[in-house]
Structures are given as structure tokens and as C-alpha cells.
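Quick notes on the structure that follows.
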Ligand SMILES: Cc1ncc(COP(=O)(O)O)c(C=O)c1O
């Protein structure tokens, strides 16, 4: 092959499975069909008005220039205060917090900051797609561990212990978890913290859904004794404040990590959108009623979804989704793959879900359903799934 080719480094990077579903759903809509979008992993709410107003005011004031590489001081200060108020965590806003382009960039900067070539990172399977990719692009090796649905979708600890090697550098916690909605118990969080301490590992905590917990533990492992020094919090305003398009996330960690991340940021993004950061300050410092109201609506939908999913033939919920806005039912029908079921539901029922395989091999045989659509659409979509699955079950 000549030089005019794409780098081999990109070979493992395919378009996310979700994109295929989304495109097909759009085609069906273009033909005039109503599709229920259970595939999309983002809140359906608008960003609260006071956040938009603050961004508009920043624009009117001419705050349109580069921001500091680490983020505007007011936003880092607001984050430090929120982490204190919500999780009793103490981070110095000047040296221990960096603003990132969403939680996703926070993950990339974190792995680039801690991994040497060949270092291994223990992560869940199924998982948010960028975990293994980000580890790989940073020179690391993703070590995927299956989850136990009956244990809040926690790690299978026997498998974790077997996977441990002299090259293990970090372990990921993502609670609430995408794609299962699992939320770990306090005991499970303490177990992973103790494991990280015992084996001298970094704990990467993906907190993208930390304000969408309907049952289960809200503690941060960073608050446990000895954990502040080895925990890297990767957080986001995307899901909490319905701000996915604003691209505001953060890392909170000890100074050397934030220092490294800022050096990277300076050379990659340079800085984040200045007026978006001013909007984010209003979100963090203003009333949190909007956050509670959105979470309450998700909780109401979750109740409906769980009740309806349990009545549908051919699928089963093995675990209890206690957070985020996902459920991850297992397909119990023989002789059909989850990819075929997802295609069938879109073609025959006009309901878009994501094949569980898109989240890793352990997701095979499942699909992810996101209830980030209106209550009415949740009901209609699940009725459509029920009708379609009855037909499928009878055919088998
Ligand atoms: C587990 C998890 N982490 C991080 C992210 C990144 O979100 P954002 O970059 O919008 O903050 C997502 C988005 O879906 C996610 O599901």
C-alpha cells in the first residue's frame, strides 16, 4: 500500500453501531413513517432557559475569544463548589479541574495522561463504545470484563482477578452505566476502590450520568479513604442539564494529571467555546430544580418502561436498571440474533433500538432501549415492540 492511505491506527475505529440505526430510522421517516427513537442516548429536553440566557449575555458582552486552556476560572470554581455540595469532594479549581469538550474528551485526555505503551485498562463489557477505543489510541490495551446483571451490572470479580497483570494500570467505573442502566451499591464501589488501592491502580470514574440515579448509591469512590489521589473523575454537563450539544465536560483529579491534561488541551482543542462555558456556570451555580425535574421525569418513564418490558414475550430484564435512561433486555427467543431483532423492530414496528453487540461482545443477544423520549412515545414504542415480539415468538 502506498502513502496515500488512512493510518492503520484507525483500523479498529468503525462508525458507531448506533449511527447505522439512526440513518435507517431517518430514511423511514423520510418515507412518512413515524419512528420511535429508542436508540438515541441524550435527553429530549431543551437546555434550561437560564443557561441559554447566560450564554447569550456572554455573546452580547463580546466574550467570543479564546478561553484559558484549562477552562474559564468561573466554571472551574463553580464545578469545585458543585463537587463539594453534591459529593463532598474537595478539588482546587485552579490546579485540580480542567474543562473538556464533554465527558468524551475527558476520557481521551485521561488515558493519554496516564497510559504508557502496552499498559492495560480493565473496563466493562458491554460498555460505552469510546472506552476501548480511547484506551487503544493512547497506546493502552483494553481488558474487557463481563458484567453480572443480578449484581447491579457490576464486574465479575473472579474474571477481574484473573485479568490482573503486571501491566494493569487502571480500572474503569461507570455507574450509572451505559448501556445497562446499572448503578453500583456502596459495597461494590468500596470493593473496586479497595482493589485499586491494593494493586496500585488508577480508578477512572465516568460520571456522565451521576445525576440520573433513581435507586442505589450516589457516593463517589473519590470520597473513600486513600482514593482521592488515584481517582480521575470524568464528568459532564451533557446529560445532567440537557446540554449535549454544548460540549462541556471536565476532569477532576490531582494536579499532575490536570497539568498533563492542560498541556494536551493546549495542543489539541486549545480551549473550549467561551460563551458555552459562561452558560455552564449559570447551570452549576443556579437553582438545581431543573436537574431534579428532568430526573423525576426520567424516573416516571423508567417505571413505565420496566412494567411494560416485563410483559413483552421474547425479552427479559436480567438486572434492575437503576440509573441513566437505558434498559438492556435480553432476547430469549432461539435462532435469532440481536442484530436481526433490532432490524426487525425497526422494519416491522417502526421502533429504533441498538443491537447490544454495538457495546461489546457481552452485549450480544440484548438490545439497548433509551427512554429519553416522551412518556407517550415510551408507551407507544413499547406497545409496538410487544405486538411485534408476539408475532416473532409465535413464528419460532
Ligand atoms: C458512559 C458515557 N460516558 C461519556 C459520555 C460522553 O458524553 P459527553 O461527551 O456528551 O459528555 C457518554 C455519552 O453518551 C456516555 O454514555
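The values are calculated or read from the model by the stated rules, or taken from the named source; none is laboratory data. What you see is a predicted model; the values in this text were computed from it and never measured. Reconstructed Cβ throughout: ideal geometry from the backbone, glycine too, with neighbour counts over all protein chains shown.
Worth pointing out:
Quick grid of which residues meet (1) within 16 Å of the ligand (Cβ to nearest atom); (2) at pLDDT below 95; (3) closer than 24 Å to residue 320 by Cα:
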{"residue": "194", "(1), (2), (3)": "no, no, no"}
{"residue": "203", "(1), (2), (3)": "yes, no, no"}
{"residue": "212", "(1), (2), (3)": "yes, no, yes"}
{"residue": "220", "(1), (2), (3)": "yes, no, yes"}
{"residue": "229", "(1), (2), (3)": "no, no, no"}
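- Criterion violated by residue 82 - all others in (1) within 16 Å of the ligand (Cβ to nearest atom); (2) over 18 Å from residue 282 (Cβ atoms); (3) surrounded by fewer than 21 Cβ atoms within 10 Å (Cβ to Cβ) satisfied: (2)
- Count of residues meeting criterion [touching a strand residue (DSSP E or B) at 6+ places or on another chain (Cβ under 9 Å) and away from the ligand (no atom under 15 Å from the Cβ)] in the range 238-258: 4
- Count - residues of the range 113-137 that are within 19 Å of residue 263 (Cα to Cα) and within 16 Å of the ligand (Cβ to nearest atom): 3
- Residue check for residue 166: in a loop (DSSP other than H, G, I, E, B) and within 11 Å of the ligand (Cβ to nearest atom): no
- Filter result for the condition that a residue is within 26 Å of residue 211 (Cβ to Cβ) and touching a helix residue (DSSP H, G or I) at 6+ places or on another chain (Cβ under 8 Å), over 372, 299, 324: 372
- Those residues of the range 88-110 which are within 13 Å of the ligand (Cβ to nearest atom) and touching a residue at least 60 places away in the same chain (Cβ under 8 Å), in sequence order: 99, 100, 101, 102, 103, 104, 105, 106, 107, 109, 110
- Considering the conditions (1) surrounded by 15 or more Cβ atoms within 10 Å (Cβ to Cβ); (2) outside any loop (DSSP other than H, G, I, E, B); (3) more than 16 Å from the ligand (Cβ to nearest atom), residue 300 is excluded by exactly one of them, (1).
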